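Inspection log for the structure reproduced underneath, given as structure tokens.
The values are calculated or read from the model by the stated rules, or taken from the named source; none is laboratory data. Note that the structure is a prediction, hence the values are computed from the model and not measured. Neighbour counts are summed over all protein chains in view; Cβ atoms, including those assigned to glycine, are modelled from backbone coordinates with ideal geometry.
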């Protein structure tokens, strides 16, 4: 029996159209926009000015707070302007525009493909290199990674969990990365283990990627303390709490963090970025992006410099399909719908997904028939139908009592609902209102 | 891109379930039982079913259109289903006018007066059925005897149900074991007995149950616990006094246990939302049914038992809330 989390979950059609397309290096754009806020927390503050000439890897903007991250130049060229542009969040926010000229890298960066498995750095040195490189969680949450590596006093990490689940339908960027850069991912895992001083790491991979499981299993024979855990295919297994439950059978208490049960979780993409930062001196300036959709001519996986326009990637896949009705950044379950493709790829973009007009429309809402399916699929053990009713009637106290804040917004309830009720829309509304009430109460 | 670009919050895909798919799935699951009733009761079964379904759909349409003044939405299949279930719960020789009244009560009072689909606390078909049972006791308890396909309708030959025979015998102080005209267990399983037209064949209803499970429309909790409770409770009574109480196999195969357990008690709207709630609900129905059958005035009690437990569903939903992830943490390794 394969491991998985116990409560709830759904199994949407996997549609991994690009699973067998090798990673292609995307072409350099002529003009790029590198957003200053690519991570959770305070936007980085620019350290370059208009007219400056920059090299690939050079610092563009500096971390501006405890929860923030550095941003480096993915291109060589001239800074054209620092101006607001619509980014992945859908809001207009500041970005550094670069006129790309050539591809001139900083000399300190090792651009060879030679695997460097040995590392003599100490834990704090690794953490500071991760911080310096501006690495954030590449699974999509974009939480600055060095914070997760600095375990707060009084808490102890004893296991590192690497998330190779990729439970979102359509996305294949982590899958391809594990297949093509398996060694690097595993060395990155070792570096993370060293930074956290833990002796055990697990890499959780869903069973719909048997080639990745086989490949990494063969590779880990040479490393001590790293174990590959095949998991039953079930969404949202890539959620931190679900993954910890599935692999380790530990339950993170409501309102607590993984570190409270001795676990730190990082994505495989993050492990790869850590390898490059620590062993190759390469800051986070690239990531793997899946471009996919049923009408897309050639669904592909790209290695993309941050700041490359999303349009360019779609063009490389045969152009925007005629019937496109919805553009999603990320997966179909938790991704964000965009108004247009004119946005730069940022650190958190794992995929660009195009739906046709028919798939794009939400089906018509019908009355709740109280089937209880939303309850049975909720991985957090909530009652989505009730939370929606409370939210509709603005009963915020009841919402809080019914644990609306525990919702992880995985969308399983709304996916399953036979009456097409906008459960998650209303739960989001109650989360933001209740969150505000809680903050006011604390003051 | 000539098309409009839609922007909406996640999730961006929908699962396979939809209200019409579920409703018509249940209708499909009822087809074996319908075939069995046509086999046993002939034309009468077809007439009763047609009248009941048509009048339920018509009343739903009329009430939407002229009383609630909203866009009529009868295509979701819920009125068809109520009509089918009402027909399955009455004798196959019920006069047409009585069926129409039953449909009006089921849809009008049982469903629409509470606000329509999803709002009714009681199973609409059972509301209609119980209303008819109380208002037309003679017509509602004259059961055509099963035979080959007969073309008779109102003039069908009638007789008592096995449950009524047992009740009568116990009342007269006779011993159950001496009763001669009780069908064998095998006959009961295939449905060779008098009764409401859709409830007779346990085999056909179990086929429907398998289909509902396969299509994931219902879970096993309510049917299994309901039938199990009836079996266990009537088994205990039978062991205590075999002369006064019929055996448990007889109890689960007769009357409306199978129809009630698989199709009536599992109605989404009127049953609890959590599995634990469903189990309590099913056990309650099982206990009440056996109590009414053996100690009450009526030979059959599942309709009343389901309606009584329907009333408790809001409380059950409140008592059986799921445990939130991470609320009670048990971390063993």
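Can you name the condition, by its number, that residue B:322 falls short on among (1) surrounded by fewer than 23 Cβ atoms within 10 Å (Cβ to Cβ); (2) within 13 Å of another protein chain (Cβ to nearest Cβ); (3) more than 30 Å from residue A:240 (Cα to Cα); (4) touching a helix residue (DSSP H, G or I) at 6+ places or on another chain (Cβ under 8 Å)?
Unmet condition: (3).
Residues of the range B:61-82 being under 21 Å from the mean Cα position of the chain (by Cα) and in contact (Cβ under 8 Å) with a residue 40 or more places away in the chain, which ones?
Across the range B:61-82, the qualifying residues are B:76, B:77, B:78, B:80, B:81, B:82.
Could you identify the single residue in B:238, B:251 that is surrounded by 22 or more Cβ atoms within 10 Å (Cβ to Cβ) and not in a loop (DSSP other than H, G, I, E, B)?
Sole residue among the options that is surrounded by 22 or more Cβ atoms within 10 Å (Cβ to Cβ) and not in a loop (DSSP other than H, G, I, E, B): B:251.
For residue B:324, all conditions in the list (1) farther than 21 Å from residue B:120 by Cβ; (2) in a helix (DSSP H, G or I) hold save one; what is the number of the exception?
(2)
Select from the range B:209-224 the residues that are within 15 Å of the chain's Cα centre (by Cα) and in contact (Cβ under 8 Å) with a residue 60 or more places away in the chain and list them in ascending order.
Selection gives B:209, B:212, B:222.
So, restricting to strands (runs of 3 or more DSSP E) that lie completely within the range A:267-364, which ones have at least 1 residues that are within 11 Å of chain B (Cβ to nearest Cβ), in contact with a strand residue (DSSP E or B) (Cβ under 8 Å, 6 or more places away or on another chain) and within 23 Å of residue A:236 (Cα to Cα)?
A:324-329, A:336-338, A:351-356
If only one of B:246, B:232 is farther than 29 Å from residue B:49 by Cβ, buried (at least 21 other Cβ atoms within 10 Å of the Cβ) and assigned by TED's automatic domain parsing to the domain that holds residue B:173, which one is it?
Only one candidate passes the filter, namely B:246.
When you go through (1) touching a residue at least 40 places away in the same chain (Cβ under 8 Å); (2) within 14 Å of chain A (Cβ to nearest Cβ); (3) more than 30 Å from residue B:87 (Cα to Cα) one by one for residue B:237, which number turns out not to apply?
(2)
Does the range B:177-197 contain any residue that is under 30 Å from residue B:19 (Cβ atoms) and touching a residue at least 24 places away in the same chain (Cβ under 8 Å)?
Within the range B:177-197, one or more residues are under 30 Å from residue B:19 (Cβ atoms) and touching a residue at least 24 places away in the same chain (Cβ under 8 Å).
Could you go through the range B:52-68 and let me know if any residue there is part of a loop (DSSP other than H, G, I, E, B), touching a helix residue (DSSP H, G or I) at 6+ places or on another chain (Cβ under 9 Å), modelled with pLDDT under 95 and more than 27 Å from residue B:162 (Cα to Cα).
Yes.
Can you pull out every residue in the range B:209-226 that is surrounded by fewer than 24 Cβ atoms within 10 Å (Cβ to Cβ) and in a helix (DSSP H, G or I)?
B:209, B:210, B:211, B:212, B:213, B:214, B:221, B:224, B:225
Mind checking which residues of the range A:4-56 are closer than 20 Å to residue A:178 by Cα and assigned to a strand (DSSP E or B)?
A:23, A:24, A:25
Return yes or no: is residue A:438 part of a helix (DSSP H, G or I) and loosely packed, with under 15 Cβ neighbours inside 10 Å?
yes
Does the range B:17-25 contain at least one residue that is more than 11 Å from every other protein chain (Cβ to nearest Cβ) and either in contact (Cβ under 8 Å) with a residue 60 or more places away in the chain or surrounded by fewer than 21 Cβ atoms within 10 Å (Cβ to Cβ) (or both)?
So far as the range B:17-25 goes, yes, one or more of its residues are more than 11 Å from every other protein chain (Cβ to nearest Cβ) and either in contact (Cβ under 8 Å) with a residue 60 or more places away in the chain or surrounded by fewer than 21 Cβ atoms within 10 Å (Cβ to Cβ) (or both).
Tell me which residues, restricted to the range A:370-418, are farther than 21 Å from residue B:219 by Cα and at the interface with chain B (Cβ under 7 Å from one of its Cβ atoms).
A:403, A:406, A:411
When the range A:262-299 is examined, which residues are found to be crowded, with 24+ Cβ neighbours inside 10 Å, over 18 Å from the mean Cα position of the chain (by Cα) and either within 19 Å of residue A:318 (Cβ to Cβ) or without any contact (Cβ under 8 Å) to a residue 40 or more places away in the chain (or both)?
Passing the criteria: A:293, A:299.
Name the single residue that is surrounded by the fewest Cβ atoms within 10 Å (Cβ to Cβ) among those in the range A:240-261 being in contact (Cβ under 8 Å) with a residue 40 or more places away in the chain and over 22 Å from residue A:152 (Cβ atoms).
A:245
When you scan the range B:261-275, do you find a residue that is touching a helix residue (DSSP H, G or I) at 6+ places or on another chain (Cβ under 8 Å), farther than 25 Å from residue B:86 by Cβ, touching a residue at least 12 places away in the same chain (Cβ under 8 Å) and not in a loop (DSSP other than H, G, I, E, B), even just one?
yes
Residues B:256, B:198, B:286: which one is modelled with pLDDT of 95 or more and more than 14 Å from every other protein chain (Cβ to nearest Cβ)?
Exactly one of B:256, B:198, B:286 is modelled with pLDDT of 95 or more and more than 14 Å from every other protein chain (Cβ to nearest Cβ), namely B:286.
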